[in-house]
Amino acid sequence: MRLSRLLALFGRALLRRCPNCGGRPIFDGWFRIRDRCPRCGLELQRGEEGYQVGAYMFNIVAAELVFAALFVGVLMATWPDPPWDLLLYGGMALMLVAPVVFYPFSKTIFLAFDLVFRPAERPPPPPG
Ligand SMILES: [Zn+2]
């Protein structure tokens with residue numbers, strides 16, 4: 001797979017668009033992904049249990065990475081007197097909010113990941 005195709009897949013995923021063609025909308029609301037892309041017809045659920053679990057795992061890992069990055073960033077910026085209360089309660093709030101915010105992105109990013117290893121049967125239609 002070419003690098004430009006790889007960047008396109010993940011770039012579209014980060015915009016909550018179909019990773020395959022950039023089509024939208026592929027969500028009904030924030031949480032419900034449609035069955036198929038309205039533009040290229042890509043099966044968005046890909047019909048497997050493992051797909052859901054993969055997206056959830058992606059979601060949890062993303063939330064933890066953001067927490068770790070913020071935690072280390074705040075520690076480094078405020079050392080030797082870090083705001084421990086803010087880190088504790090802010091971290092707890094973040095771990096509750098982040099998975100909700102990341103949810104649709106975890107679906108599209110995991111879908112992009114999946115497309116890298118299992119390309120769509122049909123190539124994406126030309127832009128326009
Ligand atoms: Zn599409």
Practice prompt. Look through segment 32-52, keep the residues that are closer than 10 Å to LYS107 by Cα and part of a helix (DSSP H, G or I), and return whichever of them is modelled with the lowest pLDDT.
Written response: TYR51
Item to complete: Report, ordered by the first and then the second residue, all pairs with beta carbons closer than 8 Å, sequence separation of six or more or different chains, a first member in segment 26-47 that is free of Cβ contacts under 8 Å to residues at least 60 places away in the same chain, and a second member that is of a type in the set (Lys, Arg) and assigned to a strand (DSSP E or B).
Response: GLU43/ARG36
Worksheet, complete the sentence: Looking across segment 66-90 at residues that are within 29 Å of TYR56 (Cβ to Cβ) and surrounded by 14 or more Cβ atoms within 10 Å (Cβ to Cβ), the single one that is nearest to the chain's Cα centre (by Cα) is VAL66
Practice prompt. Collect the residues in segment 1-36 that are near the ligand (Cβ under 10 Å from one of its atoms) and under 18 Å from PHE58 (Cβ atoms), keeping them in residue-number order.
Written response: ARG12, ARG17, CYS18, PRO19, ASN20, ILE26
Fill in: Subset of segment 4-26 (residues that are crowded, with 16+ Cβ neighbours inside 10 Å, touching a Ser or Thr at 6+ places or on another chain (Cβ under 9 Å) and not in a helix (DSSP H, G or I))
ARG16, ARG17, CYS18, PRO19, ILE26
Practice prompt. Would you point out which residue out of ASP114, ASP85 is under 19 Å from MET1 (Cβ atoms) and either touching a strand residue (DSSP E or B) at 6+ places or on another chain (Cβ under 8 Å) or not in a loop (DSSP other than H, G, I, E, B) (or both)?
Written response: ASP114
Worksheet item: Listed residues ALA112, ALA62; which is surrounded by 17 or more Cβ atoms within 10 Å (Cβ to Cβ) and modelled with pLDDT of 90 or more?
Response: ALA112
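The values are calculated or read from the model by the stated rules, or taken from the named source; none is laboratory data. For clarity, every value in this text was computed on a predicted model and none was experimentally measured. We place every Cβ from the backbone using ideal geometry, glycine too, and count neighbours over all the protein chains shown.
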